[in-house]
Amino acid sequence: MSSHNLDVYMPVLILMAFAAIMVLGALLVGKLVRPQNPTELKNAPYECGEAPIGSAWSNFNVRFYVVALVFIIFDVEGALMFPVATVFKKFVEIGEGGAILGTFLIFVSVLVLGIVYCWKKGDLDWVKSYQVDTDYNEEKDK
Amino acid sequence: MFLKIMFILAATMTLGGAFLTAYTKNLMHACVYLLVSLFGVAGLYATLGADFLAATQLVVYAGGVVILMLFAIMLTGGIQNFVNKFGLDKVPSMGNGKTYTIAGLSMIITAFIIMKVLAPIFKTNVQGELPAFASTVEEIGVLLVTDHVLAFEISSILLLGALVGAAVISRPRRGK
Amino acid sequence: MISLTSYLIISFCLFIAGMTVMIARKNIIAMLLGIELILNAAAINFVAYTRFVNQNLDGHVMSLFIIVIAAAEAAVGLAIVIRFFQIKETIHIDDATELQS
Amino acid sequence: MNETVVSYLSQAPGYALLVEKLSEFFGFDAEGFVTFLIFALVCFVVVNVMSAIGGLGTYAERKISADLQMRQGPNRVGPFGILQFLADGVKMLGKEDILPAQADRFLFLIAPLMCMVGVFASLAVVPFSSGLTLTNLNIGVFYLIGVSSLVGVGIFLGGYAANSKWSMLGGMRGASQIISYEVPVTLSILAIVLMTGSLSFNVITDAQGGLPHQWYIFHNPFTFIAFFVLFIGALAETNRAPFDLPEAESELVSGYHTEFSGMRFAFFALAEYVEVFVVCGVVAALFLGGYKVPFDLGNGELIAKTFPAIHPMLAKQIGNVLQLKAFILKTLALYYVVIWIRWTLPRLRVDSLMVLCWKYLTPIALFNLVGCAVWLWAFEGKSMWAMIFKSGVAAAGGHH
């Protein structure tokens, strides 16, 4: 088993090892050099000077999740399209480009449907515009 | 020689990450250990000569799924334990002794069954001369466009369904 | 010597870890972590067989589709968990009792 | 196919001699060990050069911003203040490392580590020159996208670990900004991969010629737009310039690294500056002809022909050095533009930042992708210049 052409991944491992050594090394060297007197006040998380209230781990608006959702769908689409993109030029050279272009366009257009849907239903805009008015109306009706 | 080193490194990362995901008490740590384990699986793909799959694993899992998990943990109350309506402490959400014993027992049974199935395979695999590592991207591209073009198109429809479904579910509705 | 059995043993251990997570945890998101581990265990087997038994790359295409479907499944699963939390204020599995009679 | 630094350096006469000597010394075949040795040496050099460039980035940023605002930048430490970043480093080393209450000690260490690993691992594929690329992976571009998404996870964990509302918000926004701008970046890189038919950086760079009209930026109108989409996306992905809301001083009190002090903060800053260099290098390699030198001086034939006295091996070395110079020149030009943009454009609000990404950049990137595919199919991949000239191979060496 020629292990020769697996050497391409050797720099990846060496660079990661260097990054780890740098981080851990600097922190260890720092531990010797740095002053170390943690006081209760100094350790409080920064709250513009006041005493911090409540834990930071309260939950957040769901729009962060919708962004991550649309990202992962397009990320996976990119992952599927990369092999087809690398092969597209070869097919064009042997004259078969039309069929591959058709497959490619169908794939992309189905996913464009997805983003158009999210756009129209207002998932993509950061501040939920329609939600603001309805809360106001509800207050009025009560 | 380097193949062995890389295999051992990737295997320890995968199995270490997986077992730490199973046994850590903090959900955030479980997510980080899952990331370490998936990183190890990408290394395993590299030792198996599947370089495109190693990169896809990095892009989709390390970049996408783990961040999705982290966001979901943030959006569902972080890592505190849940108590039921009467204030009594339910089974802690990260599992306690009892749940782990049940898990252990069922694992022993499944392990026994799977070993029965895999036994013949372990005995008979003869080792031929393995081909050298080659670039797999073009090959996968050709396969995707010729043999598996139907699966390629259906997966775009599946992604569309997943996108629309998840968007509808997680959209903050006005009514309760 | 690194052979097919070593990869099968690794994916077996990954599968066992994923199952343990699924059974032992009560938090739904932690269970989804287990599902990811199990899907990866299956994908490793496909690639290992392509490498050691026959060299056609259908194994790679199959595990590529496993990764695609795992991502879509994680997206929808987590959306359900978030909606579940918004309704029931908890994602403890024992509270998911709507479907029981 | 896959050649690496070692296969390039092994053409040197000394290499074979070294392998034999070491083989007798160790008894077993030292080929693998020598490869490891050379890789470790070259990686050590690259890591140090990159950290110096990251440090000098901070210095350049303060000098250029001073220049833009008609004032003097740092000029105390060393000649013209060059050694300012070393002074900052030592100061960072001496600062106390404060761990906030109830913070997550384990994640507090993992977050900067993940950022650094993500950025340094992407150094392996940056095409410095045809020989000196650390490893010419044939999945180079896709590997780079995968590894640079680790930084987004590192930033989120950094924000989460510090248990303070500011860094929490900064971490969430930073991660969501990085992942949402990864979509236009992936799609515009896809357009270039479509044009070239390969994922490896060296092949993409070799497909472009030395002169500007042979670069991919001028290949056709769609790649021209894709260049700007990629550049804007790259700016946002490294939290730079108008998109630096996650670490915005005024609103979020330097966002996700509010609670990080001393060396941990230095690692986040170093990772960011090195990533800006790597991203500028990638943009230069994909669109501006990377290490290609005009009139094919790069591969040493012209030099060997004009100066027959030089040993052909040496001519190849000179060619390589010229290639390295061309790559560094183009990357630093883009680096200057990045810094220049930072001190001219105001900071974007969160919602306009997200709207820009999802409602403008992503549709444009998709349109570019389809446009490139149709162009490639219609004109069989010829660049618009080739068609305009219609004179076949331009005088400046073959292209296409």
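List the pair-distance distribution P(r) of the stretch B:134-176, using every Cα-Cα distance, as the percent of pairs falling in each 10 Å bin from 0 up to the bin containing the longest distance, rounded to whole percents. Result returned by the calculation: 25, 28, 22, 15, 8, 1.
The Cα atoms of the stretch D:95-389 define a convex hull whose projected area, averaged across directions, is 17.3 nm². When the alpha carbon gyration tensor of the stretch D:293-351 is reduced to an equivalent ellipsoid, its three semi-axes come out at 41, 8, 8 angstrom, largest first. Against chain C, whose longest principal axis comes from its Cα atoms, helix C:4-24 is set at around 10 degrees.
Note on D:260-272: average number of Cβ atoms from other chains within 10 Å of each residue's Cβ is 3.
Among the residues of A:103-110, the average count of other protein chain beta-carbon atoms within 10 Å of the residue beta-carbon is 6. So what is the diffusion coefficient of the protein assembly as shown in µm² per second by Stokes-Einstein at 10 °C and 1.306 mPa s, using a Kirkwood Rh over Cα pairs? Using the Kirkwood radius from Cα pairs, D works out to 57 µm²/s. In this structure, the pairs whose alpha-carbon distance is over 26 Å, taken from D:63/D:91; D:305/D:382; A:121/C:26; D:359/D:382; D:95/D:325; A:120/C:88, are D:305/D:382; A:121/C:26; D:359/D:382; D:95/D:325; A:120/C:88. Per-residue ellipticity at 222 nm computed for chain B from its helices equals -22500 deg cm²/dmol, with DSSP H segments shorter than 4 residues left out and the rest contributing -39,500 (n - 2.57).
Computed per residue of chain D from DSSP H runs no shorter than four, each worth -39500 (n - 2.57), the mean residue ellipticity at 222 nm is -21500 deg cm²/dmol. Residues D:115, C:13, ranked from the fewest to the most other C-beta atoms within 10 Å, line up as C:13, D:115.
The calculated pair-distance distribution of chain B uses every alpha carbon pair, bins of 5 angstrom beginning at 0, and gives 1, 6, 8, 11, 14, 16, 16, 12, 7, 4, 2, 1, 0, 0 percent.
Taking all pairs of distinct Cα atoms, average 1/r, flip it, and tell me the Kirkwood hydrodynamic radius of the stretch B:1-80 in Å to one decimal place.
Working: mean 1/r = 0.0760 Å⁻¹.
Answer for the stretch B:1-80: a Kirkwood hydrodynamic radius of 13.2 Å.
Under the convention that each Lys and Arg Cβ holds +1 and each Asp and Glu Cβ holds -1, the size of the dipole of the protein assembly as shown around its Cα centre is about 1000 debye. An ellipsoid equivalent to the stretch D:88-167, defined through the eigenvalues of its Cα gyration tensor, has semi-axes of 32, 16, 8 Å when rounded to whole angstrom and sorted largest first. Per-residue shielding of B:148-154, expressed as the average number of other chain Cβ atoms within 10 Å of the residue Cβ, stands at 5.
Throughout, read-outs are computed from the coordinates displayed, never taken from laboratory work. These figures come from a predicted structure and were not determined experimentally. Backbone-built Cβ (ideal geometry, glycine too); neighbour counts: all protein chains shown.
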